[in-house]
Amino acid sequence: MSQKSAIVLGASAGVGHAVVEALIARGYRVGAVARGADRLSQMESRFGGALATEAADVGDAAALEGAVDALVERIGTPSVWINSAMQTSFSPFEKVSAEEFDRIVRTTLLGQVNGTRLALRHMPRGNIVNVGSGLGYRPVPFQAAYCAAKHGINGFTAALRSELLREGRPVTLSLVQLPALNTPQFDWALNRLGKKPQPAPPIFQPEVAARAVMKALDTDAREIFVGSSVLKLVFGNFVAPDWLDRKLSKDGAEMQKSETDEPGGRPDNLMGPAPREAGARGSFGSRASDSAVTINGDRARYIAFGGAVGIGVLLGLILGGLLD
């Protein structure tokens, strides 16, 4: 097949859905994987021959292998692979069962591990992008499983990147660290906060994340930071982790709560797909920005630590923002 091909995991909602749209706009034929067969069917109706889909749980290595094999048969060998599936719950750790914690880590971390393994099996060359989070550098309370998984993605990606460099393999492995986004996760994640969860402000539209993924593909970036909030989390935690522990003990829960009461019992997506149409955006669009500063992570570190002036400016940005 002459048409360029890509595979996206976690493709039926949120960032994954926005990435599918961006890739199709660039002329890719996309293979999409998600658990929700109904949403995938909706996407096939919308995108027609530009999209092929297979339903599978990315945390189930055998099921994902079967889905990917079927997609490669249909769309050809991909040159681009995006791992973006995730799950979370908004819960105090002591209320999170072992099964719940395992499910979140299995989807969010092992989904990327399983996906990357298959990407390397099928792709002789190309780009793999793992989707991370600012919470992979600076965790928040009441999302312990998700934060653990995002930290794991950082470690996994860095370790594998060194292996690929050692082998001289022509596969670029990038990591995109995202801020709070207006995705459906806040409408369907398991919630024990008493209030409907919200993206911790500032909030950005998922298309911002998709553009960052495209930037990673275009520049072969090692790491991309998206949004000033991610810069504050990354460098603020480097400078003052103990202070942040204490600040987030007071404010970390409240910033994740909206003003809408939610006594519990709503459908959630922990053990299976939640009933919802395919789409990138959630219910906080009126508060979400369509643009964000997007910077190469290595360049940001150079600016931060390349001189005393840069350090002073960055610390002013970080501490000023954190104290707002």
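The values are calculated or read from the model by the stated rules, or taken from the named source; none is laboratory data. Remember, predicted model here, so these are calculated numbers, not experimental data. A quick note on method: Cβ atoms are made from the backbone with ideal geometry, for glycine too, and the neighbour counts reach across all protein chains shown. Just the protein is used for accessible areas: all its heavy atoms, side chains included, with ligands, DNA and RNA removed. Shrake-Rupley method; radii C 1.70, N 1.55, O 1.52, S 1.80 Å.
Computed from the Cβ-Cβ distance with R0 of 41 Å, the FRET efficiency linking R26 to F305 stands at 0.75. In the chain, taking the dipole from charged Cβ atoms about the Cα centre, the farthest positive-side position among P263, L71, A274 is held by L71. Ranking A149, F225, W243 by how far each Cα lies toward the positive end of the dipole of the chain (charges on Cβ) leaves F225 at the top.
In a reduced charge model with +1 at each Lys and Arg Cβ and -1 at each Asp and Glu Cβ, the stretch 1-142 shows a dipole moment near 540 debye about its Cα centre. For S289, the residues whose amide H sits under 5 Å from its own are I203, F204, Q205, ignoring neighbours fewer than 5 places away on the same chain, with H placed 1.01 Å from N.
Element breakdown for the stretch 182-313 at a 1.4 angstrom probe: carbon and sulfur atoms account for 54% of the accessible area. Once backbone amide H atoms are built at 1.01 Å from N, K257 has Q198 as its partners under 5 Å, excluding neighbours fewer than 5 places away on the same chain.
A 1.4 Å probe run over the chain, with the rest of the protein chains in place, finds 42 Å² accessible per residue. Evaluated with a Cβ-only charge set (Lys, Arg +1; Asp, Glu -1), the chain carries a dipole of roughly 580 debye about its Cα centre, given to the nearest 20. Which one of N296, T107, G126 has its Cα pushed farthest toward the positive end of the charge dipole of the chain, where Lys and Arg give +1 and Asp and Glu give -1 at the Cβ? It is N296, whose Cα lies furthest towards the positive end.
For the stretch 24-169, the fraction of 1.4 Å probe accessible surface lying on carbon and sulfur atoms is 51 percent. Taken about its Cα centre, the stretch 179-234 carries a charge dipole of about 320 debye when Lys and Arg each add +1 at the Cβ and Asp and Glu each add -1 at the Cβ.
The gain in end-to-end length when the A70 to R192 segment is fully stretched comes to 40.1 nm, 0.36 nm per residue minus the alpha carbon separation.
With both residues required to sit in the chain, DSSP beta bridges show an antiparallel share near 10%. Kindly identify the chain as rounded, prolate or oblate by the Cα gyration tensor criterion: order the square roots of the eigenvalues as a ≥ b ≥ c, call it rounded if a/c is under 1.5, otherwise compare a/b with b/c, prolate if a/b is larger, else oblate. Cα axes put the chain in the oblate bin.
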